[in-house]
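The values are calculated or read from the model by the stated rules, or taken from the named source; none is laboratory data. Note that the structure is a prediction, hence the values are computed from the model and not measured. All Cβ positions, even for glycine, are placed from backbone atoms using ideal geometry, and neighbour counts span all protein chains on display. Accessible surface is based on the protein model in full, side chains and every heavy atom, while ligands, DNA and RNA are left aside. Shrake-Rupley method; radii C 1.70, N 1.55, O 1.52, S 1.80 Å.
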Amino acid sequence: MDATRRGRIDGDEARRRVLDAAERLFYTRGIQAVGMDQIRDAAGVSLKRLYQCYPSKDALVEAYLEHRDRRWNDALADHVGRVAEPRERVAAVFAFLAEWFGTADFRGCSFINAFGELGPVSPPVAAAARAHKRVLRERLGTLAAEAGAADPDTLADQLLLLVEGAIVAAAMGTATGPAERAGSAARALLDAATASGPGHTLTSHRRRRG
């Protein structure tokens, strides 16, 4: 795109293009490997307009993580929200992961990746990564409570570990069917944590017989 056309793009359109380009490049190549010149070229805007939209690369990284957080959480909420039965909503989390892992551009968790690259030297990146995981953990806690877990907090921690482990395994290719295997483990944990689980049913049956 020539410089004249770049200069005609309005502010909202320029911000959208820059953010879309940054998300694509940061996620696929890594934050530190991508320069502002590359984002400018991918977005089709002038360097001046890019810096008008985002005055620094740090500001663009923060906007990227905020955008990614909102988009990922909305997609998860939409997927889980299609399921009516509370126990099955827990399983739906792992079905969502399986679909995500199967996409052509899957490169792991943006927040784990960003924290690994910049967390030790960038408090805003570390804070964004932790906030994203905190929201996910809260969502899992809500699902655990709605499914009837006796201790939703403990189950939420266990489910979060399964989710995180599945994401890393899928990104690294270290396990077969990581979402499905993690989902099976989640069902077992849910059974153990709820009154309707097989273990509880067996115990109750033995007590009635005794």
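Data for the structure
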| quantity | calculated |
| --- | --- |
| Qualifying positions in the range 40-81 - in contact with a helix residue (DSSP H, G or I) (Cβ under 7 Å, 6 or more places away or on another chain) and small (G, A, S) | A42, A43, G44, S46, A63 |
| Meets criteria (in contact with a Cys (Cβ under 8 Å, 6 or more places away or on another chain), on the phi < 0 side of the Ramachandran plot, of a type outside the set (F, W, Y) and surrounded by fewer than 19 Cβ atoms within 10 Å (Cβ to Cβ)) for G11 | yes |
| Subset of the range 65-87 [open to solvent by less than 70 Å² (accessible area, probe 1.4 Å), part of a helix (DSSP H, G or I) and not small (G, A, S)] | L65, H67, R68, D69, W72, N73, L76, H79, V80, P86, R87 |
| Candidates A95, A91, A84, filtered to the one that is hydrophobic (A, V, I, L, M, F, W, C), out of contact with any helix residue (DSSP H, G or I) (no Cβ under 9 Å at 6 or more places or on another chain) and over 22 Å from L25 (Cα atoms) | A84 |
| Among residues of the range 166-182, those that are surrounded by fewer than 21 Cβ atoms within 10 Å (Cβ to Cβ), in a helix (DSSP H, G or I) and not aliphatic (A, V, I, L, M), counted | 2 |
| Subset of the range 110-159 [small (G, A, S), over 21 Å from A193 (Cα atoms) and not in a helix (DSSP H, G or I)] | G119, S122 |
| Residue list for the range 92-149, restricted to those being open to solvent by 30 Å² or more (accessible area, probe 1.4 Å) and β-branched (V, I, T) | T103, I112, V121, V135, T142 |
